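Engineer: Got a structure for you, questions after.
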Amino acid sequence: MEIRGIDHVEFYVGDAQQSAFYLCTALGFRLCGETEPTDHRSLLLRQGGIQVVLTSALSEHHPAAEFVRRHGDGVAVIALETASAAAAYDTAVAAGAAPLAEPAVYEHEGARVVTAEVAAFGDVVHRFVERHCGTEEFLPGVMNVLAADPEPGGELLSTIDHFAVCLPAGELRPTVERYQRVFGFRQIFEEFIEVGDQAMDSKVVQSPSGQVTLTLIEPVTTKRPGQIDEFLARHNGTGVQHMALLTNDIVSTVRTLTERGVTFLRTPGSYYDLLEERLGEPEVRIEELRETNVLVDQDHHGQLFQIFTRSMHVRRTYFMEVIDRHGARTFGSGNIKALYEAVEREKVTS
């Protein structure tokens, strides 16, 4: 099947209006559309090439009600842009995907969108989206498009770099094989990460277009339970732990987002004390990285700068990553061990 990229991401949330307020005021998204209230209410937000739909159930019969009850607020749908939603659906189902919604056509004033849905992982859905309309018409006849912001602010975030998905132990290999068989993805990276008495196993799958990337992670049960186990317990099973959003100037972006009220994880000072010894001189000044708590890692292709937000959710599950790639193609796994060692050093010296 031809998967061109990520069309949009839909979150099921307890209060769409409240979630939209945070994403707009703190992260710079703009409210661009809304549905008429029925058994649910959905809001469309945009920034750069990112489209986010926030859906709240207004009836216990809408799937968002059960999703939020089981998992809390979180990613429920990763929508994939395709050349043909019907063909993608048929191919996926023939390869073993669980069918959820057959192809449906939405048309209004010349705009036409076709969608279909299959199961992805856990309670998360893949929605195939085929568009025959301008970018402003999101779902013809269903989503009312709002007037454009007359004075849009500068866009800090451009696109979705990847999703990180937490899986129960034993589910990593079958999930990778399913993405290869059903969706035509390929595995591009794998790593066993061990820090202290904790460990996790990770594999990365990516669409042939290179525009859809999933970092799949499972805990290692022979080691002490860690952050992956905590997510699975609080989220009540498999789910998206974080979504990484790409920027082209991470220091400036982090400064702006911090001023707007976004809270990022702090990095021990000793991490930066040994940074040059570990990686050489980074492409962003160490003092700027220290000031903003930005992490840096590198691979054979270049450097990667990243930082994670604190979770704003009651269950402390889903959070976001801001990432800036200077050629690097990996995902910063070297920072996990470096951060762990930095924290341990600070414990000894404090």
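The values are calculated or read from the model by the stated rules, or taken from the named source; none is laboratory data. Bear in mind the structure is a predicted one, so any value in this text is a computation, not a measurement. Backbone-built Cβ (ideal geometry, glycine too); neighbour counts: all protein chains shown. Ligands, DNA and RNA are excluded from the accessible area calculation, which covers all protein heavy atoms including side chains. Shrake-Rupley method; radii C 1.70, N 1.55, O 1.52, S 1.80 Å.
Engineer: Using the heavy atoms of the protein chains and a 1.4 angstrom probe, tell me the accessible area per residue for the chain in square angstrom. List each step's numbers first, then the result.
Structural biologist: On the way: 16080 Å² over 350 residues.
Heavy-atom SASA per residue in the chain reads 46 Å².
Engineer: Same structure again: Taking the Cα centre of region 17-101 as origin, sum charge times position over the Cβ atoms of Lys and Arg (+1) and Asp and Glu (-1), and report the length of that vector in debye to the nearest 20. Write down the numbers at each step before the final one.
Structural biologist: Working: 5 positive and 8 negative charges, 53 e Å.
That gives a dipole near 260 debye.
Engineer: Let me ask something additional. So what does log10 I(q)/I(0) come out to for region 232-292 at q = 0.18 Å⁻¹, using the Debye formula with one equal point on every Cα and no solvent?
Structural biologist: The computed values of log10 I(q)/I(0) come out as -0.84.
Engineer: Give me the percent of accessible area attributable to carbon and sulfur for the chain, probe 1.4 angstrom. Write out the running numbers ahead of the final one.
Structural biologist: Numbers: 7760 of 16080 Å².
Ligands and nucleic acids excluded, carbon and sulfur reach 48 percent.
Engineer: If you build a Gaussian network model of the chain, linking Cα atoms that sit under 10 Å apart, which residue out of Ala120, Ala328, Ala76 swings the most?
Structural biologist: Per the Cα network of the chain with a 10 Å cutoff, Ala328 tops the list.
Engineer: Something else now. At 10 °C and 1.306 mPa s, grab the translational diffusion coefficient of region 61-135 from Stokes-Einstein with a Kirkwood Rh over Cα pairs, rounded to a whole number in µm² per second. Walk me through the numbers on the way to the answer.
Structural biologist: Numbers: Rh = 13.3 Å.
Once the numbers are plugged in, D ends up at 120 µm²/s.
Engineer: Go through region 207-296 and name the trypsin sites (Lys or Arg not before Pro) that are in a DSSP coil and have 15 or fewer other Cβ atoms within 10 Å of their Cβ.
Structural biologist: Numbers: sites: Lys223, Arg234, Arg255, Arg260, Arg266, Arg278, Arg285, Arg290; in loops: Lys223, Arg260, Arg266, Arg285.
Hits after loop and neighbour filter: Lys223, Arg260, Arg266, Arg285.
Engineer: Something else about it: Just add up the charged neighbours of Ala98: K/R +1, D/E -1, any other residue whose Cβ is under 15 Å from the Cβ of Ala98.
Structural biologist: Details: positive: Arg127, Arg178, Arg181; negative: Asp90, Glu102, Glu117, Asp123.
Net charge in that neighbourhood comes out at -1.
Engineer: Rounded to the nearest 10 Å², what accessible area does Arg41 show when all protein chains are kept and the probe is 1.4 Å?
Structural biologist: 70 Å²
Engineer: In deg cm²/dmol and to the nearest 500, what is the mean residue ellipticity at 222 nm of the chain if only DSSP H runs of at least 4 residues count, each as -39500 (n - 2.57), divided by the residue total?
Structural biologist: Working: 10 runs with 95 residues, N = 350.
-8000 deg cm²/dmol, from helical runs alone.
Engineer: Another question, then. Can you match Cα extents along the principal axes in Å to one of these, [x] 80, 48, 48; [y] 64, 48, 38; [z] 63, 43, 41, based on a calculation from the structure here?
Structural biologist: Label of the calculated value: [y].
Engineer: For Tyr106, what accessible area in Å² do you get when you roll a 1.4 Å probe over the heavy atoms of the protein chains, rounding to the nearest 10?
Structural biologist: 70 Å²
Engineer: Short version: what are the Cα gyration tensor semi-axes of region 46-190, square root of 5 times each eigenvalue, largest first, in whole Å? Before the final figure, lay out each step's value.
Structural biologist: Values: eigenvalues 146, 76, 65 Å².
Largest first, region 46-190 gives 27, 20, 18 Å.
Engineer: Over region 134-261, with a single point scatterer placed on each C-alpha, what log10 of the ratio I(q)/I(0) does the Debye formula yield at q = 0.09 1/Å?
Structural biologist: Normalising to I(0) and taking log10 leaves -0.40.
Engineer: Assigning unit charges at the beta carbon (Lys, Arg +1; Asp, Glu -1) and nothing else, what dipole magnitude in debye, to the nearest 20, does the chain show about its Cα centre? Show your work: numbers first, answer last.
Structural biologist: Details: 31 positive and 51 negative charges, 123 e Å.
The calculated dipole for the chain is roughly 580 debye.
Engineer: Specify, per residue and in Å³, the volume enclosed by the convex hull of the alpha carbon atoms belonging to region 189-328. Don't skip to the end; give the middle numbers.
Structural biologist: Values: hull volume 18.9 nm³, N = 140.
With only Cα atoms used, region 189-328 gives 135 Å³ per residue.
Engineer: To the nearest 20 debye, what charge dipole does region 157-246 have about its Cα centre, counting +1 at the Cβ of each Lys and Arg and -1 at the Cβ of each Asp and Glu? Provide the component values of the computation, followed by the final result.
Structural biologist: On the way: 8 positive and 11 negative charges, 58 e Å.
Roughly 280 debye, rounded to the nearest 20.
Engineer: Considering the convex hull of the alpha carbon atoms of region 206-264, report its projected area averaged over all viewing directions, in nm², one decimal. Walk me through the numbers on the way to the answer.
Structural biologist: Details: hull surface 26.0 nm².
The Cα convex hull of region 206-264, projected and averaged over all directions, gives 6.5 nm².
Engineer: While we're looking at this one, here's another question. Considering the options Pro268, Leu27, Gln206, tell which one lies farthest towards the positive end of the dipole of the chain, charges being +1 on Lys and Arg and -1 on Asp and Glu at the Cβ, about the Cα centre.
Structural biologist: Pro268
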